[in-house]
Amino acid sequence: MPLARPDLRPDPSLSRDEMEALQRDIAAAATFDDDHALDPAGVAVSEAASLADGLPPARDGDQACLDAGTDSATAHDADAPVVVGVDQAFRTDRADAPDAAVSAAVAFRDGDVIEYASATTPLSIPYVPGLLAFREGGPILAALDALDADPDLLVCDGSGRIHFREAGLATHVGVLHDVPSVGVAKSLLCGEPDEPTDERPAGWRTPVRAGDAVTTAETGTVIGHAFQSRQYPTSKRVNPLYVSPGHRVSAASAVDLVDALCAGYKLPEPTRLADAYADAAKRDEE
DNA sequence: GCGACAG
DNA sequence: ATCTTGTCGC
(Lines give C-alpha, C1' and ligand atoms only; values in the text may rest on other atoms or scores of the structure.)
Protein backbone atom coordinates (compact mmCIF):
# COMPACT_ATOMS: atom_id res chain seq x y z
CA MET A 1 0.00 0.00 0.00
CA PRO A 2 1.25 3.50 -0.87
CA LEU A 3 2.45 5.90 1.79
CA ALA A 4 -0.04 8.50 2.99
CA ARG A 5 2.75 11.02 3.47
CA PRO A 6 5.68 10.22 1.14
CA ASP A 7 6.87 13.79 1.70
CA LEU A 8 7.71 12.95 5.31
CA ARG A 9 9.93 9.92 4.63
CA PRO A 10 12.99 9.72 6.90
CA ASP A 11 15.70 10.54 4.35
CA PRO A 12 19.08 9.49 5.84
CA SER A 13 20.93 12.04 3.74
CA LEU A 14 19.40 15.02 5.50
CA SER A 15 21.49 17.15 7.84
CA ARG A 16 20.87 16.82 11.54
CA ASP A 17 18.95 20.09 11.61
CA GLU A 18 16.80 18.99 8.71
CA MET A 19 16.08 15.70 10.45
CA GLU A 20 14.96 17.49 13.57
CA ALA A 21 12.82 19.88 11.55
CA LEU A 22 11.19 16.90 9.81
CA GLN A 23 10.47 15.35 13.19
CA ARG A 24 8.64 18.49 14.27
CA ASP A 25 6.52 18.14 11.14
CA ILE A 26 5.88 14.49 12.01
CA ALA A 27 4.79 15.42 15.53
CA ALA A 28 2.51 18.11 14.12
CA ALA A 29 0.94 15.60 11.72
CA ALA A 30 0.58 12.98 14.45
CA THR A 31 -2.47 12.44 16.62
CA PHE A 32 -2.23 11.14 20.17
CA ASP A 33 -5.92 10.43 20.57
CA ASP A 34 -8.07 7.36 19.99
CA ASP A 35 -9.15 8.16 16.47
CA HIS A 36 -9.82 4.47 15.76
CA ALA A 37 -12.04 1.60 16.81
CA LEU A 38 -9.43 -0.72 18.26
CA ASP A 39 -10.62 -2.62 21.30
CA PRO A 40 -7.83 -4.29 23.28
CA ALA A 41 -10.06 -7.36 23.62
CA GLY A 42 -10.42 -7.45 19.86
CA VAL A 43 -6.69 -7.72 19.20
CA ALA A 44 -5.70 -9.81 22.21
CA VAL A 45 -3.27 -12.68 21.82
CA SER A 46 -4.14 -15.33 24.38
CA GLU A 47 -1.61 -18.00 23.59
CA ALA A 48 2.11 -17.42 23.07
CA ALA A 49 3.50 -18.82 19.84
CA SER A 50 6.21 -21.43 20.20
CA LEU A 51 9.33 -20.11 18.52
CA ALA A 52 10.84 -23.58 18.72
CA ASP A 53 8.41 -24.91 16.14
CA GLY A 54 10.47 -23.05 13.60
CA LEU A 55 9.45 -20.04 11.55
CA PRO A 56 8.85 -20.19 7.82
CA PRO A 57 12.03 -19.88 5.70
CA ALA A 58 12.38 -16.42 4.20
CA ARG A 59 13.97 -15.01 1.09
CA ASP A 60 14.77 -11.34 0.92
CA GLY A 61 11.83 -9.04 0.24
CA ASP A 62 9.59 -12.02 0.31
CA GLN A 63 6.46 -12.81 2.23
CA ALA A 64 5.35 -16.17 3.51
CA CYS A 65 1.76 -17.18 3.99
CA LEU A 66 0.62 -19.89 6.32
CA ASP A 67 -1.10 -23.17 5.60
CA ALA A 68 -4.72 -22.44 6.33
CA GLY A 69 -6.98 -24.71 8.26
CA THR A 70 -4.55 -27.44 9.23
CA ASP A 71 -4.21 -26.38 12.84
CA SER A 72 -6.83 -24.72 14.99
CA ALA A 73 -10.44 -25.14 14.01
CA THR A 74 -11.00 -21.49 14.86
CA ALA A 75 -13.10 -19.61 12.36
CA HIS A 76 -11.06 -16.52 11.47
CA ASP A 77 -12.98 -13.31 11.14
CA ALA A 78 -11.78 -11.74 7.95
CA ASP A 79 -12.97 -8.46 9.40
CA ALA A 80 -11.00 -8.67 12.64
CA PRO A 81 -8.27 -6.02 12.96
CA VAL A 82 -4.79 -6.89 11.73
CA VAL A 83 -1.93 -6.15 14.12
CA VAL A 84 1.55 -6.02 12.64
CA GLY A 85 4.73 -6.23 14.68
CA VAL A 86 7.98 -4.94 13.15
CA ASP A 87 11.54 -5.42 14.32
CA GLN A 88 15.03 -5.80 12.88
CA ALA A 89 18.26 -7.65 13.23
CA PHE A 90 21.58 -6.31 11.96
CA ARG A 91 24.22 -7.81 9.76
CA THR A 92 27.80 -6.63 9.87
CA ASP A 93 29.39 -7.24 6.52
CA ARG A 94 33.06 -7.92 6.09
CA ALA A 95 35.35 -4.99 5.47
CA ASP A 96 34.16 -2.53 2.85
CA ALA A 97 30.49 -3.40 2.37
CA PRO A 98 28.01 -1.37 4.46
CA ASP A 99 26.11 -3.02 7.26
CA ALA A 100 22.55 -4.03 6.55
CA ALA A 101 19.29 -4.16 8.46
CA VAL A 102 17.13 -7.25 8.15
CA SER A 103 13.59 -6.12 8.91
CA ALA A 104 10.67 -8.36 9.66
CA ALA A 105 6.94 -7.70 9.75
CA VAL A 106 4.62 -10.28 11.28
CA ALA A 107 0.87 -9.92 10.89
CA PHE A 108 -1.67 -11.21 13.42
CA ARG A 109 -5.44 -11.54 13.27
CA ASP A 110 -7.63 -13.10 15.94
CA GLY A 111 -4.53 -13.83 17.97
CA ASP A 112 -2.88 -15.90 15.26
CA VAL A 113 -0.08 -15.20 12.79
CA ILE A 114 -1.45 -14.80 9.28
CA GLU A 115 1.68 -13.64 7.46
CA TYR A 116 5.42 -13.10 7.70
CA ALA A 117 7.50 -10.73 5.57
CA SER A 118 11.08 -9.54 5.60
CA ALA A 119 13.46 -7.29 3.69
CA THR A 120 17.17 -6.54 3.80
CA THR A 121 18.28 -2.94 3.40
CA PRO A 122 21.78 -1.41 3.48
CA LEU A 123 22.29 1.01 6.35
CA SER A 124 23.54 4.46 5.52
CA ILE A 125 23.88 6.20 8.86
CA PRO A 126 24.88 5.20 12.39
CA TYR A 127 22.56 5.07 15.37
CA VAL A 128 22.05 8.48 16.96
CA PRO A 129 19.75 8.82 19.99
CA GLY A 130 16.67 10.71 18.90
CA LEU A 131 17.21 10.05 15.20
CA LEU A 132 16.56 6.31 15.09
CA ALA A 133 13.84 6.64 12.44
CA PHE A 134 16.39 7.91 9.94
CA ARG A 135 18.44 4.74 10.36
CA GLU A 136 15.69 2.15 10.68
CA GLY A 137 12.68 3.81 9.11
CA GLY A 138 13.58 2.91 5.54
CA PRO A 139 14.23 -0.76 6.37
CA ILE A 140 10.91 -0.98 8.22
CA LEU A 141 9.03 0.53 5.31
CA ALA A 142 10.63 -2.08 3.05
CA ALA A 143 9.38 -4.92 5.24
CA LEU A 144 5.88 -3.43 5.40
CA ASP A 145 6.00 -3.09 1.65
CA ALA A 146 6.67 -6.81 1.31
CA LEU A 147 3.64 -7.54 3.46
CA ASP A 148 0.32 -8.25 1.71
CA ALA A 149 -1.85 -7.63 4.78
CA ASP A 150 -3.06 -4.12 5.54
CA PRO A 151 -2.26 -3.19 9.17
CA ASP A 152 -4.91 -1.79 11.46
CA LEU A 153 -2.29 -1.36 14.18
CA LEU A 154 1.50 -1.26 14.01
CA VAL A 155 3.62 -2.31 16.97
CA CYS A 156 7.13 -0.86 16.65
CA ASP A 157 10.29 -1.62 18.56
CA GLY A 158 11.26 1.74 20.00
CA SER A 159 9.55 4.85 21.23
CA GLY A 160 6.70 6.83 19.78
CA ARG A 161 5.71 9.93 21.67
CA ILE A 162 8.39 9.27 24.29
CA HIS A 163 10.89 11.27 22.29
CA PHE A 164 12.62 14.68 22.45
CA ARG A 165 10.31 16.04 19.75
CA GLU A 166 7.44 13.57 20.25
CA ALA A 167 8.37 11.95 16.96
CA GLY A 168 9.98 8.60 17.71
CA LEU A 169 10.18 5.66 15.32
CA ALA A 170 6.64 4.46 16.02
CA THR A 171 5.21 7.91 15.44
CA HIS A 172 7.18 8.39 12.24
CA VAL A 173 6.11 5.07 10.72
CA GLY A 174 2.53 5.52 11.89
CA VAL A 175 2.23 8.95 10.29
CA LEU A 176 3.79 7.83 7.01
CA HIS A 177 1.13 5.14 6.66
CA ASP A 178 -1.51 7.06 8.58
CA VAL A 179 -2.16 3.90 10.57
CA PRO A 180 -2.61 3.63 14.36
CA SER A 181 0.72 2.69 15.92
CA VAL A 182 2.30 2.13 19.31
CA GLY A 183 5.92 2.16 20.39
CA VAL A 184 7.37 -0.50 22.68
CA ALA A 185 10.85 0.26 24.04
CA LYS A 186 12.97 -1.78 26.43
CA SER A 187 14.61 1.27 27.93
CA LEU A 188 13.60 4.87 28.48
CA LEU A 189 14.80 7.51 26.01
CA CYS A 190 13.48 10.51 27.93
CA GLY A 191 10.63 11.50 30.20
CA GLU A 192 10.01 10.84 33.88
CA PRO A 193 8.02 7.97 35.39
CA ASP A 194 5.61 9.07 38.11
CA GLU A 195 6.88 6.35 40.42
CA PRO A 196 10.07 4.28 40.71
CA THR A 197 9.86 1.28 38.40
CA ASP A 198 11.92 -1.20 40.40
CA GLU A 199 10.59 -4.62 41.26
CA ARG A 200 6.99 -4.16 40.23
CA PRO A 201 4.44 -6.97 39.82
CA ALA A 202 3.16 -8.01 36.40
CA GLY A 203 0.46 -5.69 35.14
CA TRP A 204 1.78 -2.67 37.01
CA ARG A 205 2.06 0.61 35.14
CA THR A 206 2.83 4.25 35.81
CA PRO A 207 2.63 7.33 33.58
CA VAL A 208 5.77 8.76 31.98
CA ARG A 209 5.60 12.54 31.72
CA ALA A 210 7.49 15.04 29.63
CA GLY A 211 10.36 16.82 31.35
CA ASP A 212 12.75 19.46 30.04
CA ALA A 213 14.21 17.06 27.49
CA VAL A 214 10.92 16.93 25.60
CA THR A 215 11.06 20.24 23.79
CA THR A 216 7.71 20.09 22.02
CA ALA A 217 5.45 19.31 24.97
CA GLU A 218 4.59 21.09 28.16
CA THR A 219 6.28 19.67 31.23
CA GLY A 220 4.01 17.17 32.90
CA THR A 221 2.28 15.99 29.74
CA VAL A 222 1.76 12.22 29.84
CA ILE A 223 3.72 10.88 26.86
CA GLY A 224 3.59 7.17 27.66
CA HIS A 225 3.78 4.58 30.42
CA ALA A 226 6.28 2.31 32.10
CA PHE A 227 4.61 -1.11 31.99
CA GLN A 228 5.65 -4.27 33.81
CA SER A 229 4.54 -6.87 31.27
CA ARG A 230 6.11 -9.76 33.13
CA GLN A 231 7.69 -10.44 36.48
CA TYR A 232 9.13 -13.38 38.38
CA PRO A 233 7.69 -14.24 41.78
CA THR A 234 11.11 -14.06 43.38
CA SER A 235 14.75 -13.09 42.91
CA LYS A 236 15.52 -11.98 39.38
CA ARG A 237 13.81 -8.83 38.34
CA VAL A 238 12.51 -8.11 34.85
CA ASN A 239 12.79 -4.56 33.54
CA PRO A 240 9.57 -2.84 32.54
CA LEU A 241 8.59 -1.89 29.01
CA TYR A 242 8.17 1.74 27.99
CA VAL A 243 5.00 2.03 25.93
CA SER A 244 4.02 5.18 24.10
CA PRO A 245 1.51 6.29 21.47
CA GLY A 246 2.82 6.27 17.91
CA HIS A 247 -0.06 7.75 15.98
CA ARG A 248 -3.85 7.86 16.39
CA VAL A 249 -3.69 6.16 19.79
CA SER A 250 -3.81 7.68 23.28
CA ALA A 251 -1.22 6.92 25.94
CA ALA A 252 -3.81 4.98 27.94
CA SER A 253 -4.94 2.90 24.97
CA ALA A 254 -1.35 2.22 23.94
CA VAL A 255 -0.64 0.41 27.22
CA ASP A 256 -3.96 -1.39 27.19
CA LEU A 257 -3.33 -2.63 23.67
CA VAL A 258 0.20 -3.78 24.47
CA ASP A 259 -1.06 -5.43 27.63
CA ALA A 260 -3.61 -7.38 25.56
CA LEU A 261 -0.91 -8.36 23.07
CA CYS A 262 1.33 -9.88 25.73
CA ALA A 263 0.99 -13.63 26.29
CA GLY A 264 3.33 -14.52 29.10
CA TYR A 265 6.57 -13.06 27.81
CA LYS A 266 8.09 -9.66 28.40
CA LEU A 267 7.51 -8.54 24.82
CA PRO A 268 4.09 -8.40 23.15
CA GLU A 269 3.67 -11.31 20.70
CA PRO A 270 3.84 -9.23 17.50
CA THR A 271 7.19 -7.82 18.59
CA ARG A 272 8.47 -11.13 19.92
CA LEU A 273 7.65 -12.91 16.67
CA ALA A 274 9.02 -10.13 14.48
CA ASP A 275 12.22 -10.25 16.53
CA ALA A 276 12.53 -13.99 16.04
CA TYR A 277 11.70 -13.79 12.34
CA ALA A 278 14.26 -11.02 11.74
CA ASP A 279 16.89 -13.16 13.43
CA ALA A 280 15.92 -16.20 11.39
CA ALA A 281 16.00 -14.20 8.16
CA LYS A 282 19.42 -12.85 9.03
CA ARG A 283 20.77 -16.32 9.74
CA ASP A 284 19.32 -17.62 6.50
CA GLU A 285 21.51 -15.15 4.66
CA GLU A 286 24.72 -16.33 6.24
C1' DG B 1 31.65 22.26 29.89
C1' DC B 2 29.03 17.95 31.64
C1' DG B 3 25.41 14.68 31.46
C1' DA B 4 21.87 11.69 28.97
C1' DC B 5 20.43 9.28 25.22
C1' DA B 6 15.14 4.05 21.69
C1' DG B 7 18.10 0.42 18.51
C1' DA C 1 21.72 -3.57 18.06
C1' DT C 2 25.89 -7.20 18.40
C1' DC C 3 29.77 -10.55 20.45
C1' DT C 4 28.26 -15.69 23.35
C1' DT C 5 28.07 -20.75 27.54
C1' DG C 6 26.67 -21.70 31.26
C1' DT C 7 23.64 -21.18 34.78
C1' DC C 8 20.08 -19.81 38.19
C1' DG C 9 15.18 -20.33 38.97
C1' DC C 10 10.25 -21.41 37.98
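The values are calculated or read from the model by the stated rules, or taken from the named source; none is laboratory data. The model shown is predicted, which means the values in this text are computed figures rather than measured ones. Don't worry about glycine lacking a Cβ; one is built from the backbone with ideal geometry, like all the others, and counts go over all protein chains shown. Heads up: the accessible areas ignore ligands, DNA and RNA and are worked out on the full protein's heavy atoms, side chains in. Shrake-Rupley method; radii C 1.70, N 1.55, O 1.52, S 1.80 Å.
Here are the numbers:
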item	result
Full-stretch length increase - A:Glu195, A:Ile125 - with 0.36 nm per residue and alpha-carbon distance subtracted	21.6 nm
Qualifying trypsin sites (Lys or Arg not before Pro) for segment A:91-153 [loop in DSSP, other Cβ within 10 Å: at most 12]	A:Arg94
Trypsin sites (Lys or Arg not before Pro) within segment A:214-263: DSSP coil, no more than 10 neighbouring Cβ in 10 Å	A:Lys236
By average C-beta atoms within 10 angstrom, highest first, the peptides A:197-206, A:218-227	A:218-227, A:197-206
Where chain A is the region considered: accessible area per residue in Å², 1.4 Å probe	45
Segment A:208-284-segment A:129-206 distance, computed between alpha-carbon centres (Å)	8
Carbon + sulfur, % of accessible area of segment A:145-219 - ligands and nucleic acids excluded, 1.4 Å	42
Per residue convex hull volume, Cα atoms of segment A:141-198, in Å³	98
Reachable aspartates and glutamates, given that their alpha-carbon falls under 14 Å from the alpha-carbon of A:Lys282 and they are not under 8 places away in the same chain	A:Asp60, A:Asp62, A:Asp87, A:Asp93, A:Asp99
Added length on full extension, which subtracts the Cα-Cα distance from 0.36 nm per residue, A:Leu14 to A:Asp145	44.9 nm
Hydrodynamic radius by Kirkwood, which averages 1/r over all alpha carbon pairs of segment A:103-247, in angstrom	16.1
Cα gyration tensor shape for chain A, rounded if a/c is under 1.5, else prolate or oblate	rounded
Estimated dipole of chain A in Debye, rounded to 20 [Cβ of Lys and Arg +1, of Asp and Glu -1, Cα centre]	880
Student exercise, segment A:144-286 dipole from Lys, Arg, Asp, Glu Cβ charges, in Debye to nearest 20	520
Fraction of accessible area attributable to carbon and sulfur, segment A:228-286 (%, probe 1.4 Å)	43
Length-normalised contact order of chain A in % [C-alpha pairs under 8 Å, at least 6 apart]	24
Positive-pole candidate from A:Ala48, A:Thr120, A:Gly168, dipole of chain A, charges at beta carbon	A:Gly168
